[in-house]
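One structure is given here, and the rest of the page talks about it.
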Amino acid sequence: MPKVTATSSRKADHIRINLEEDVRSSLGTGLERYHFTHQALPELDLEVVDLTQKLFGRVLEAPVLISSMTGGTPKAGELNRILAAAAQATGIAMGLGSQRAAIEDPALAATFQVRQVAPDILLLANLGAIQLNYGYGVTECQRAVDMIAADALILHLNALQEAVQPEGDTRFSGLLTKIEAVCKKLTVPVIAKEVGWGISAQAARQLADAGIAAIDVAGAGGTSWSQVEMYRAQNKSQARLAAAFMDWGIPTAESIIQVRQSTPSLPVFASGGIHSGVEIAKSIALGASLGGMAGPFLKAASHSLDQTILTIQEITREIRVTMFAAGAANLSTLQNTPLSRYQE
């Protein structure tokens, strides 16, 4: 029987709060300011619009990522298997939630292990980068990868979340050197990911120089983890501290642009408040390779596998129709399709 650790208890809180409370950032993603030019004569057949790409050795049928969410509890394990089976059925990518709980208690590893239902998907392992300053190293990172037979490892960056948690790990100095060591020695590529406040041009350059293989911007505009921590707060003072950062962060659209311009050779994953295929298409036109979503998939998976597959299919259809109406036959063309920016 898995023991209930502080980490697994916190993950259970996170699932409950995300499903039950309004924890959206007060900022918009910025994607609402951008629009495609409609092409009345796209000179395309809808059915030949190509959404496929190859990334880290896997072929994706659509530029969609089930963003890292959960693991470490029986409920999380059930959700992960549903999400993975849906990803397998639709040919999209999936990231797991932080595997720290399973590193602490190997009995929890089963809540992350989804290869049996998703043998062909691009699957991303996940650990908090800050744990490299608290005793973790290449060994623990490799354990996370091997635990789920992952194609790459996400190291997530969550400085603000840690700062507003009463139990937060906040010693971030010297972290970049340790990230570089993992990039050099790990057997799979390493992806850097924020958790909801965006990646700046400066941070992107630092991460690229350290050997990071891709960057998930996870910009502001979606789930605000400071708001999640506000609901977890044990007293009013902690709650007020977390609430003060409701409008903090780099909006998703701005973060995509900054990262793409500062690290033009790296794949960029767009996430943070994305809720439709149209927004994923906009993100790709701004410079991303694919778009990640969490909340819509979590809610669908809490209902059924069929609902999750349907949600993915609807999003994929929206991307295809957007590309058709914008005159983009494939993702490479979409990345070079100009957007109009509406002034506020």
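The values are calculated or read from the model by the stated rules, or taken from the named source; none is laboratory data. The structure presented is a predicted model; accordingly, all values stated were derived computationally and were not measured. Every residue, glycine among them, receives a Cβ derived from its backbone with ideal geometry; neighbour counts consider all protein chains shown.
At least 2 residues being in contact with an Asp or Glu (Cβ under 7 Å, 6 or more places away or on another chain) is the threshold, and among the helices (runs of 4 or more DSSP H) wholly inside the range 256-344 those reaching it are 277-285.
Looking only at residues in the range 160-192 that are in contact with a strand residue (DSSP E or B) (Cβ under 9 Å, 6 or more places away or on another chain), among the hydrophobic types (A, V, I, L, M, F, W, C) and assigned to a helix (DSSP H, G or I), the one that is surrounded by the fewest Cβ atoms within 10 Å (Cβ to Cβ) is 175. Annotation note: Cβ proximity below 8 Å between a residue of the range 96-116 that is surrounded by fewer than 18 Cβ atoms within 10 Å (Cβ to Cβ) and a residue that is in a loop (DSSP other than H, G, I, E, B) (sequence gap 6+ or interchain) occurs for 104/5; 105/2; 105/3; 105/5; 107/1; 107/2; 107/3; 115/149. Within the range 123-145, restricting attention to residues that are crowded, with 23+ Cβ neighbours inside 10 Å and small (Gly, Ala, Ser), the residue that is farthest from residue 217 (Cα to Cα) is 144. Residues that are in a loop (DSSP other than H, G, I, E, B) and either more than 12 Å from residue 124 (Cα to Cα) or in contact with a His (Cβ under 8 Å, 6 or more places away or on another chain) (or both) within the range 54-72 comprise 57, 61, 62, 63, 68, 70, 71, 72, listed in sequence order.
Scanning the range 146-159 for residues that are over 17 Å from the mean Cα position of the chain (by Cα) and crowded, with 17+ Cβ neighbours inside 10 Å, we see that the one that is nearest to residue 106 (Cα to Cα) is 147.
Summed over the range 32-81, the residues that are surrounded by 24 or more Cβ atoms within 10 Å (Cβ to Cβ) and out of contact with any Pro (no Cβ under 9 Å at 6 or more places or on another chain) give a count of 11. Among the residues of the range 209-264, the ones that are free of Cβ contacts under 8 Å to residues at least 40 places away in the same chain and farther than 14 Å from residue 164 by Cβ come to 7 in all. The set of residues in the range 148-159 being at negative phi and not in a helix (DSSP H, G or I) consists of 150, 151, 152, 153, 154, 155, 156, 157, 158. Residues in the range 193-223 that are of a type in the set (A, V, I, L, M, F, W, C), at pLDDT 95 or above and not in a helix (DSSP H, G or I): 199, 212, 213, 214, 215, 217, 218. Contact map, the range 121-147: first residue at negative phi and part of a helix (DSSP H, G or I), second residue modelled with pLDDT under 95 and among the acidic types (Asp, Glu), Cβ cut-off under 9 Å, separation 6 or more or different chains; pairs are 130/162; 130/169; 131/169; 133/169. Among residues of the range 110-120 being of a type outside the set (A, V, I, L, M, F, W, C) and assigned to a loop (DSSP other than H, G, I, E, B), the one that is nearest to residue 93 (Cα to Cα) is 120. Of the numbered criteria (1) more than 18 Å from residue 157 (Cα to Cα); (2) out of contact with any strand residue (DSSP E or B) (no Cβ under 7 Å at 6 or more places or on another chain); (3) in a loop (DSSP other than H, G, I, E, B), the one residue 239 fails is (3).
Among the residues making up the range 238-261, those that are small (Gly, Ala, Ser) and more than 21 Å from residue 331 (Cα to Cα) are 239, 242, 243, 244, 249. When the range 193-212 is limited to residues that are buried (at least 18 other Cβ atoms within 10 Å of the Cβ) and touching a Cys at 6+ places or on another chain (Cβ under 8 Å), the one that is farthest from residue 66 (Cα to Cα) turns out to be 210. Comparison of 237, 262, 276, 304 shows that the only residue that is surrounded by 18 or more Cβ atoms within 10 Å (Cβ to Cβ) and of a type in the set (S, T, N, Q) is 262.
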